[in-house]
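The values are calculated or read from the model by the stated rules, or taken from the named source; none is laboratory data. Model, not experiment: these values are computed from the prediction. Note that we place each Cβ from the backbone using ideal geometry, even for glycine, and neighbour counts take in every protein chain shown.
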Amino acid sequence: MADHTQNSNFKHIIRVANVDLPGEKKIRFALTKIRGVGIQFADGVCMAAGIDKNTITGNLADNEIKTLNSVVTNPMQGGIPAWMFNRKRDYETGEDKHITGGNLHFVQDNDLKRLKKIKTLRGVRHIKGLTVRGQRTRSNFRKNKGKVVGVSKKKVAPAAAKEGAKKEKK
């Protein structure tokens, strides 16, 4: 770990897309700290920016940081294919987008509000706190439904218990 921090240009924190990235990690893993960016998308960003994905983040030059920032904030112009975006055929505009940061949370909330308002099946299941994507709920997701459902043992009738005790004595 000491070998990459000895560089005189090493930066411990790098700011990309309004998020502080740790300088000690490889750039492909550091980019995943940005909400809405996974490892696959981070690899695509590195390739589009012309940066080796195994480069330590703190060793990046200022011009490389600027290109990374521009590709993350505007991936369509950066040359990332539309199939990697997290919002294809947006409901309002119909275009392909990739949303990151605080906007992602805002857009997801608006989508859920819309589904609840028009009372789709997904919206109703969100309202009730049930699973939305077809999972079975008999044994899992009990926090939404209540206490564990178990099998109760039958109580042995007192007369039958006495007869069982007599047979053992003989």
### Message
If I go through the stretch 29-87 residue by residue, how many of them are surrounded by fewer than 17 Cβ atoms within 10 Å (Cβ to Cβ), outside any helix (DSSP H, G or I) and of a type in the set (A, V, I, L, M)?
### Response
1
#### Entry: Enumeration of residues in the stretch 80-133 that are more than 22 Å from PHE41 (Cβ to Cβ) and of a type in the set (A, V, I, L, M, F, W, C)
LEU112, LEU115, ILE118, LEU121, VAL124, ILE127, LEU130, VAL132
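Residues checked against (1) over 30 Å from ASN9 (Cβ atoms); (2) of a type in the set (A, V, I, L, M); (3) out of contact with any His (no Cβ under 7 Å at 6 or more places or on another chain); (4) modelled with pLDDT under 85:
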{"residue": "VAL71", "(1), (2), (3), (4)": "no, yes, yes, no"}
{"residue": "GLY79", "(1), (2), (3), (4)": "no, no, yes, yes"}
{"residue": "ASP96", "(1), (2), (3), (4)": "yes, no, yes, yes"}
{"residue": "ASN110", "(1), (2), (3), (4)": "yes, no, yes, no"}
{"residue": "ILE118", "(1), (2), (3), (4)": "yes, yes, yes, no"}
{"residue": "VAL124", "(1), (2), (3), (4)": "yes, yes, yes, no"}
{"residue": "ALA165", "(1), (2), (3), (4)": "yes, yes, yes, yes"}
### Query
For the stretch 29-46, does any single residue satisfy the condition of being closer than 28 Å to HIS105 by Cβ, more than 20 Å from the chain's Cα centre (by Cα) and touching a residue at least 24 places away in the same chain (Cβ under 8 Å)?
no
### Query
Are any of the residues in the stretch 6-15 surrounded by fewer than 17 Cβ atoms within 10 Å (Cβ to Cβ), aromatic (Phe, Trp, Tyr), at pLDDT below 90 and within 30 Å of LYS113 (Cα to Cα)?
no
